[in-house]
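Written out below as structure tokens is the structure these notes cover.
The values are calculated or read from the model by the stated rules, or taken from the named source; none is laboratory data. Small disclaimer: the values here were computed from a predicted structure and weren't measured. Backbone-built Cβ (ideal geometry, glycine too); neighbour counts: all protein chains shown. These accessible areas exclude ligands, DNA and RNA; they are computed on the full protein's heavy atoms, side chains included. Shrake-Rupley method; radii C 1.70, N 1.55, O 1.52, S 1.80 Å.
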Amino acid sequence: MAAVRAELARGLISSPARLAPKYFYDALGSRLFDAITELDEYYPTRTEAAIFQSHAQAIAQLVPADAVWFDLGAGSCAKAASLFDAMRPGAYVPIDISVDYLRGSVIALQERHPSLPMLGLGLDFSSSLALPEEVDRWLGDHQLRLAPRCVFYPGSSIGNFMPTDALQLLSQVHGVCAGGADGSGLLIGVDLVKDTAVLEPAYDDALGVTAAFNRNLLRHVNRLLGSDFDPSKWRHLAFFDPHQSRIEMHLVAEEAQTVNWSGGVRHFARDERLHTENSYKWTVAGFEALLREAGFRLTRCWSDPRDWFGVFWAQA
Ligand code: AVI
């Protein structure tokens, strides 16, 4: 908790001020994100689901059957579970920062798949993906140490990493895959570059759900840090920067204000920004190059008819 408070305080006193997007996801933030995925403007979730549905057979030919699935940011586990029939995993290891939420998801899923070995892990892999020793022991207990592995990372969450950090995470994912049998790999969803007229409304919807999601971050930070942000004094800003190929989300101070917390204070001028998220949009060629740089050999991409979203299989 002290490390979380130190990280938040560091971001707030830096210039420009910033907060990491992982703090969006308290209980309300997770519900608001679920609501975002149902908005007409927010195309990624339904586009990715349609790709998995249309190409399930082709994907299943590359992802080895009986693989141990490591599901990064699993949440409700619903995305992976929807692929179980087609992909036939041999074991399932969902990983999520929110361990309480994950625990409930795993209990429910285990009831539906009683013979599939499952191990839920509470882990914040945003700075490093180091699997605890418990995983190796558990794999040994289930005679799965030498089984093929599939790291599953859907939803284009990789887009929320700066390219250098994305490379570091993918290199660590490559290490996890390389620990399994030949044929192991990564199955990942990535949002692709497209028209600004499609991108910007996806992050600034007419109902204001994304604005509420963005502002709710301040309520969460208040609880974590003991700060006194007033969310009503901040307005949502989202725009596409074509040079960096990313959506930027900010909160903009509606008036000059001072935010206090135990051991710190930050004055914000009127119209000063607080940077809350980047969402990078990749090209297929750019992302394949990143996968190769991370150590993956073979890559394959499936897309939708408009080429808005890519599902990549990258073999270690
Ligand atoms: C979780 N992540 C992939 C979402 C995105 O599209 O970057 C988070 C999000 N932020 C605003 N809307 C959705």
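Of the listed requirements (1) surrounded by fewer than 18 Cβ atoms within 10 Å (Cβ to Cβ); (2) not in a helix (DSSP H, G or I), Ile188 misses just one: (1).
Scanning segment 137-166 for residues being open to solvent by 40 Å² or more (accessible area, probe 1.4 Å) and under 21 Å from the mean Cα position of the chain (by Cα) gives a total of 6.
Collect the residues in segment 146-172 that are more than 15 Å from the ligand (Cβ to nearest atom) and either modelled with pLDDT of 95 or more or in contact with a His (Cβ under 9 Å, 6 or more places away or on another chain) (or both), keeping them in residue-number order. Spell out the reasoning first.
First pass over segment 146-172, keeping only residues more than 15 Å from the ligand (Cβ to nearest atom): 146-151, 164, 167-168, 170-172.
Within segment 146-172, Ala147, Pro148, Arg149, Cys150, Val151, Thr164, Leu167, Gln168, Leu170, Ser171, Gln172 qualify.
Go through segment 277-299 and count every residue that is touching a helix residue (DSSP H, G or I) at 6+ places or on another chain (Cβ under 6 Å) and assigned to a strand (DSSP E or B). Of the residues in segment 277-299, 4 are touching a helix residue (DSSP H, G or I) at 6+ places or on another chain (Cβ under 6 Å) and assigned to a strand (DSSP E or B).
From the list Leu199, Leu218, which residue is in contact with a Pro (Cβ under 9 Å, 6 or more places away or on another chain), part of a helix (DSSP H, G or I), open to solvent by less than 50 Å² (accessible area, probe 1.4 Å) and within 16 Å of the ligand (Cβ to nearest atom)?
On the way: Leu199 fails: in contact with a Pro (Cβ under 9 Å, 6 or more places away or on another chain).
Just one listed residue meets the conditions, Leu218.
The residue that is nearest to the ligand (Cβ to nearest atom), counting only those in segment 221-269 that are free of Cβ contacts under 8 Å to residues at least 60 places away in the same chain and assigned to a helix (DSSP H, G or I), is Pro231.
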